[in-house]
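Enquirer: One structure follows; several queries about it will come next.
The values are calculated or read from the model by the stated rules, or taken from the named source; none is laboratory data. Just so you know, these numbers come straight off a predicted model, no measurement behind them. Note that we place each Cβ from the backbone using ideal geometry, even for glycine, and neighbour counts take in every protein chain shown.
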Amino acid sequence: MSENPGQIGVNIGIPEDQRRDVADGLSRLLADTYTLYLKTHNFHWNVTGPMFNTLHTMFEVQYNELALAVDEIAERIRALGFPAPGSYAAFSELSSIPEAEGVPGASDMIKQLAEGQETVARTAREVFTAADGANDQPTADLLTQRMNLHEKNAWMLRSFLA
(Lines give C-alpha, C1' and ligand atoms only; values in the text may rest on other atoms or scores of the structure.)
Protein backbone atom coordinates (compact mmCIF):
# COMPACT_ATOMS: atom_id res chain seq x y z
CA MET A 1 0.00 0.00 0.00
CA SER A 2 1.48 3.35 -0.95
CA GLU A 3 1.19 6.02 1.68
CA ASN A 4 -0.20 9.45 0.80
CA PRO A 5 1.97 12.42 1.79
CA GLY A 6 0.83 13.87 5.08
CA GLN A 7 -0.98 10.65 6.03
CA ILE A 8 0.27 8.48 8.86
CA GLY A 9 0.75 4.75 8.38
CA VAL A 10 -1.19 2.00 10.10
CA ASN A 11 0.65 0.70 13.17
CA ILE A 12 -1.74 -1.59 15.04
CA GLY A 13 0.72 -4.39 15.77
CA ILE A 14 -0.02 -6.44 12.65
CA PRO A 15 2.50 -6.36 9.79
CA GLU A 16 1.28 -4.96 6.46
CA ASP A 17 1.44 -8.28 4.62
CA GLN A 18 -0.76 -9.95 7.24
CA ARG A 19 -3.15 -6.99 7.28
CA ARG A 20 -3.37 -7.26 3.48
CA ASP A 21 -4.16 -10.99 3.63
CA VAL A 22 -6.92 -10.37 6.18
CA ALA A 23 -8.28 -7.39 4.22
CA ASP A 24 -8.31 -9.46 1.00
CA GLY A 25 -10.29 -12.17 2.77
CA LEU A 26 -12.66 -9.62 4.26
CA SER A 27 -13.15 -8.19 0.75
CA ARG A 28 -14.38 -11.62 -0.38
CA LEU A 29 -16.63 -11.77 2.69
CA LEU A 30 -17.95 -8.30 1.89
CA ALA A 31 -18.70 -9.33 -1.70
CA ASP A 32 -20.48 -12.50 -0.59
CA THR A 33 -22.46 -10.59 2.03
CA TYR A 34 -23.51 -7.86 -0.41
CA THR A 35 -24.46 -10.39 -3.08
CA LEU A 36 -26.55 -12.31 -0.55
CA TYR A 37 -28.12 -9.00 0.54
CA LEU A 38 -29.18 -8.26 -3.05
CA LYS A 39 -30.51 -11.77 -3.58
CA THR A 40 -32.45 -11.72 -0.30
CA HIS A 41 -33.92 -8.29 -1.05
CA ASN A 42 -34.89 -9.45 -4.55
CA PHE A 43 -36.64 -12.51 -3.12
CA HIS A 44 -38.37 -10.35 -0.48
CA TRP A 45 -39.89 -8.28 -3.30
CA ASN A 46 -40.82 -11.23 -5.51
CA VAL A 47 -41.86 -14.10 -3.24
CA THR A 48 -45.38 -15.44 -3.79
CA GLY A 49 -47.48 -18.33 -2.59
CA PRO A 50 -49.06 -19.65 0.60
CA MET A 51 -45.98 -18.77 2.71
CA PHE A 52 -45.83 -15.23 1.34
CA ASN A 53 -46.26 -13.32 4.60
CA THR A 54 -43.87 -15.50 6.60
CA LEU A 55 -41.16 -15.49 3.92
CA HIS A 56 -41.61 -11.82 3.03
CA THR A 57 -41.06 -10.91 6.71
CA MET A 58 -38.17 -13.35 7.23
CA PHE A 59 -36.38 -12.15 4.10
CA GLU A 60 -36.79 -8.54 5.27
CA VAL A 61 -35.21 -9.31 8.64
CA GLN A 62 -32.33 -11.07 6.89
CA TYR A 63 -31.64 -8.39 4.27
CA ASN A 64 -31.71 -5.65 6.93
CA GLU A 65 -29.14 -7.56 8.98
CA LEU A 66 -27.00 -8.10 5.88
CA ALA A 67 -27.14 -4.36 5.08
CA LEU A 68 -25.70 -3.61 8.53
CA ALA A 69 -23.08 -6.33 8.12
CA VAL A 70 -21.64 -4.91 4.89
CA ASP A 71 -20.89 -1.66 6.67
CA GLU A 72 -19.21 -3.41 9.58
CA ILE A 73 -17.06 -5.56 7.28
CA ALA A 74 -16.08 -2.61 5.08
CA GLU A 75 -15.13 -0.55 8.12
CA ARG A 76 -12.90 -3.37 9.39
CA ILE A 77 -11.11 -3.45 6.02
CA ARG A 78 -10.56 0.30 6.34
CA ALA A 79 -9.29 -0.05 9.92
CA LEU A 80 -6.69 -2.50 8.58
CA GLY A 81 -5.51 0.24 6.21
CA PHE A 82 -6.93 -0.87 2.88
CA PRO A 83 -9.74 0.34 0.60
CA ALA A 84 -12.97 -1.63 0.72
CA PRO A 85 -14.41 -2.78 -2.62
CA GLY A 86 -17.68 -1.06 -3.38
CA SER A 87 -18.79 -1.65 -6.96
CA TYR A 88 -20.96 -4.27 -8.63
CA ALA A 89 -17.99 -5.18 -10.81
CA ALA A 90 -15.71 -5.75 -7.81
CA PHE A 91 -18.37 -7.69 -5.92
CA SER A 92 -19.12 -9.83 -8.99
CA GLU A 93 -15.43 -10.68 -9.33
CA LEU A 94 -14.95 -11.44 -5.61
CA SER A 95 -18.21 -13.17 -4.70
CA SER A 96 -18.74 -16.91 -4.69
CA ILE A 97 -22.55 -16.60 -4.54
CA PRO A 98 -24.34 -16.95 -7.89
CA GLU A 99 -27.04 -14.50 -8.87
CA ALA A 100 -30.60 -15.78 -9.17
CA GLU A 101 -31.89 -16.53 -12.66
CA GLY A 102 -35.34 -15.04 -13.19
CA VAL A 103 -37.84 -15.29 -10.36
CA PRO A 104 -37.68 -18.74 -8.77
CA GLY A 105 -40.54 -20.26 -6.79
CA ALA A 106 -40.64 -19.85 -3.01
CA SER A 107 -39.05 -23.24 -2.27
CA ASP A 108 -36.17 -22.55 -4.65
CA MET A 109 -35.74 -19.08 -3.10
CA ILE A 110 -35.43 -20.69 0.32
CA LYS A 111 -32.93 -23.25 -1.00
CA GLN A 112 -30.82 -20.58 -2.73
CA LEU A 113 -30.79 -18.36 0.36
CA ALA A 114 -29.87 -21.27 2.66
CA GLU A 115 -27.00 -22.13 0.30
CA GLY A 116 -25.99 -18.44 0.26
CA GLN A 117 -25.98 -18.24 4.05
CA GLU A 118 -23.79 -21.36 4.18
CA THR A 119 -21.45 -19.89 1.55
CA VAL A 120 -20.96 -16.72 3.60
CA ALA A 121 -20.27 -18.85 6.70
CA ARG A 122 -17.63 -20.83 4.77
CA THR A 123 -16.00 -17.66 3.48
CA ALA A 124 -15.86 -16.23 7.01
CA ARG A 125 -14.33 -19.50 8.25
CA GLU A 126 -11.63 -19.29 5.54
CA VAL A 127 -10.77 -15.71 6.50
CA PHE A 128 -10.63 -16.71 10.17
CA THR A 129 -7.40 -18.63 9.50
CA ALA A 130 -5.67 -15.48 8.24
CA ALA A 131 -7.06 -13.36 11.09
CA ASP A 132 -5.99 -15.93 13.68
CA GLY A 133 -2.52 -16.18 12.14
CA ALA A 134 -2.18 -12.39 12.30
CA ASN A 135 -3.32 -12.33 15.95
CA ASP A 136 -6.14 -10.06 14.78
CA GLN A 137 -8.75 -10.50 17.51
CA PRO A 138 -11.16 -7.77 16.30
CA THR A 139 -11.46 -9.46 12.90
CA ALA A 140 -11.68 -12.90 14.52
CA ASP A 141 -14.53 -11.64 16.71
CA LEU A 142 -16.34 -10.15 13.70
CA LEU A 143 -15.93 -13.42 11.79
CA THR A 144 -17.17 -15.52 14.71
CA GLN A 145 -20.30 -13.37 14.94
CA ARG A 146 -20.86 -13.63 11.18
CA MET A 147 -20.43 -17.43 11.15
CA ASN A 148 -22.84 -17.83 14.06
CA LEU A 149 -25.52 -15.70 12.41
CA HIS A 150 -25.20 -17.24 8.93
CA GLU A 151 -25.24 -20.78 10.28
CA LYS A 152 -28.38 -19.96 12.29
CA ASN A 153 -30.06 -18.34 9.27
CA ALA A 154 -29.22 -21.34 7.08
CA TRP A 155 -30.75 -23.67 9.67
CA MET A 156 -33.92 -21.55 9.85
CA LEU A 157 -34.25 -21.51 6.07
CA ARG A 158 -33.59 -25.25 5.76
CA SER A 159 -36.35 -25.83 8.35
CA PHE A 160 -38.91 -24.57 5.80
CA LEU A 161 -37.92 -27.35 3.43
CA ALA A 162 -38.03 -30.23 5.95
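Enquirer: Filtering the stretch 81-96 down to residues that are of a type in the set (Gly, Ala, Ser) and in a loop (DSSP other than H, G, I, E, B), which residue is nearest to Gln112 (Cα to Cα)?
Expert: Filtering the stretch 81-96 for residues that are of a type in the set (Gly, Ala, Ser) and in a loop (DSSP other than H, G, I, E, B), the one nearest to Gln112 (Cα to Cα) comes out as Ser96.
Enquirer: Take the conditions modelled with pLDDT of 95 or more, closer than 21 Å to Ala121 by Cβ, over 13 Å from the mean Cα position of the chain (by Cα) and surrounded by 15 or more Cβ atoms within 10 Å (Cβ to Cβ) and apply them to Phe59. Does it pass?
Expert: It is true that Phe59 is modelled with pLDDT of 95 or more, closer than 21 Å to Ala121 by Cβ, over 13 Å from the mean Cα position of the chain (by Cα) and surrounded by 15 or more Cβ atoms within 10 Å (Cβ to Cβ).
Enquirer: Shifting gears a bit: Taking His56 as the residue in question, decide whether it is closer than 15 Å to Glu99 by Cβ and touching a residue at least 12 places away in the same chain (Cβ under 8 Å).
Expert: In short, no.
Enquirer: Cβ contacts < 7 Å: first residue without any contact (Cβ under 8 Å) to a residue 60 or more places away in the chain, restricted to the stretch 16-31; second residue in a helix (DSSP H, G or I) and surrounded by 21 or more Cβ atoms within 10 Å (Cβ to Cβ), any location; separation 6+ or different chain. Result?
Expert: Ala23/Ile77
Enquirer: Regarding Glu101, is this residue of a type outside the set (A, V, I, L, M), at negative phi and part of a loop (DSSP other than H, G, I, E, B)?
Expert: yes
Enquirer: Another question, if that's okay. Do we have any residue at all in the stretch 97-120 that's among the charged types (D, E, K, R) and either at pLDDT below 95 or over 22 Å from the mean Cα position of the chain (by Cα) (or both)?
Expert: So far as the stretch 97-120 goes, yes, one or more of its residues are among the charged types (D, E, K, R) and either at pLDDT below 95 or over 22 Å from the mean Cα position of the chain (by Cα) (or both).
Enquirer: Any residue at all in the stretch 144-162 that's at pLDDT 95 or above, β-branched (Val, Ile, Thr), out of contact with any Cys (no Cβ under 9 Å at 6 or more places or on another chain) and surrounded by 16 or more Cβ atoms within 10 Å (Cβ to Cβ)?
Expert: no
Enquirer: Can you name the condition, by its number, that Leu80 falls short on among (1) over 19 Å from Arg122 (Cα atoms); (2) surrounded by fewer than 22 Cβ atoms within 10 Å (Cβ to Cβ)?
Expert: (2)
Enquirer: Oh, and also: Please enumerate the residues belonging to the stretch 35-56 that are surrounded by fewer than 21 Cβ atoms within 10 Å (Cβ to Cβ) and in contact with a His (Cβ under 7 Å, 6 or more places away or on another chain).
Expert: Listed by number, the residues that qualify are His44, His56.
Enquirer: Considering only the stretch 119-156, how many residues are within 30 Å of Pro50 (Cβ to Cβ) and in contact (Cβ under 8 Å) with a residue 60 or more places away in the chain?
Expert: The qualifying residues number 5.
Enquirer: Identify, please: which residue in the stretch 34-56 is of a type in the set (Ser, Thr, Tyr) and assigned to a helix (DSSP H, G or I) and is, among those, nearest to the chain's Cα centre (by Cα)?
Expert: The extreme case among them is Tyr34.
Enquirer: A follow-up question, please. For Arg20, work out the one condition from (1) basic (Lys, Arg); (2) within 20 Å of Glu115 (Cα to Cα); (3) surrounded by fewer than 20 Cβ atoms within 10 Å (Cβ to Cβ) it doesn't fulfil.
Expert: (2)
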